[in-house]
């Protein structure tokens, strides 16, 4: 026997649900609402037939219209590349060293290189290329491997101390904590810091000068001005890759550093390598 009844006030049958004496009416939905619901169902079925919709094991149903957002992007990219084909060819053929700042090809390279930098390089060097601890500032004139345009391009193309490109820049600083006595390490640290006018123990720095000449000058130079051919930094300019406080410099002397940069020539097209090199050089710190 049904427990439904007709509401006396409205004349509408109830659903049989009751809460604290309040009964729910089984009011029919408006026709316009039902037709709207049916229309959306029909539209949904049609959409799944016309467009990619149902996931499969290795993809999705293609849809009878053959539409693909990835295909649209690929088409737009191909159109963009076609419009710039002449500039790309010219950039690949250009001698970067003689590329004139301000001409169409240089402007194109800077614009393209900025996009490449934002996508591939900013994670380490920062959005503004100012660097971070362990990642060089690309805005100043301090270059470990040379700041001329062709030198920058070589570094971008082959990277530094990576294991994937045999032409990568490579140098290795000894961990002098395994070579020198603790006092000798302290002395040479004071000497190095004295070169950039830091507050140090003068007597310790004087003793460290001889230790520096015997162990460090071969790479960093007698004047500690560095050697781009070896990737040896200038120690006399108060620009520090890992920090210039005494504890950080001492850690570097004792344990050495071994920064690695990917070989972007293995990941980017040649025109992108050249473009990002021109962009970095244009930031103001290029030699």
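A short reminder: the numbers here are calculations on the coordinates, not readings from a lab. Model, not experiment: these values are computed from the prediction. Note: ideal-geometry Cβ built from the backbone for every residue, glycine included; neighbour counts use all protein chains shown.
In which sequence would 117, 67 go, from the one with the fewest C-beta neighbours within 10 Å to the one with the most?
Final ranking by Cβ density, sparse to dense: 67, 117.
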So, by mean Cβ neighbours within 10 angstrom, what's the order for 101-113, 24-36 with the highest one leading?
101-113, 24-36
Distance in nm between residue 27 and residue 217 label points, each 7 Å along Cα→Cβ, equals 9.8 nm
Please say if segment 172-253 is rounded, prolate or oblate, where rounded means a/c under 1.5 for a ≥ b ≥ c the square roots of the C-alpha gyration tensor eigenvalues, and otherwise the choice is prolate for a/b larger than b/c and oblate otherwise?
rounded
Give the calculated FRET efficiency between residue 45 and residue 19 to the nearest 0.05, with a Förster radius of 51 Å applied to their Cβ-Cβ distance.
0.85
Can you run the Rg to Rh ratio on segment 139-213? Use alpha carbon positions and the Kirkwood inverse-distance Rh.
1.14
Taking the Cα-to-Cβ direction at residue 36 and at residue 97 and moving 7 Å from each Cα, how far apart do the two end points lie in nm?
7.3 nm
Of 53-66, 254-267, 183-196, ordering from highest average Cβ density within 10 Å down gives 183-196, 254-267, 53-66
How much length is gained if the chain between residue 251 and residue 199 is pulled fully straight, taking 0.36 nm per residue apart and subtracting their Cα-Cα distance, in nm to one decimal?
16.9 nm
The distance between the Cα centres of segment 1-36 and segment 54-97, in whole Å, is 58 Å
Rounded to the nearest 0.05, what FRET efficiency do residue 107 and residue 162 have when you use their Cβ-Cβ distance and R0 = 22 Å?
0.10
Among 82-94, 144-156, how do they line up from the highest to the lowest mean number of other beta-carbon atoms within 10 Å?
144-156, 82-94
Contour excess over end-to-end distance, with Cα ends at residue 80 and residue 122 and 0.36 nm allotted per residue:
12.7 nm
Taking mean projected area of the Cα convex hull in nm² straight from the coordinates, which label in [x] 16.5; [y] 32.4; [z] 21.8 is the correct one?
[y]
FRET efficiency (residue 133, residue 57; Cβ distance; R0 51 Å; to 0.05) is 0.65
Using the basic label-point model (7 angstrom from Cα toward the beta carbon), what is the residue 182 to residue 90 distance in nanometres?
6.5 nm
Global form of segment 51-106, assessed from the alpha-carbon gyration tensor, a/c cut-off 1.5:
prolate
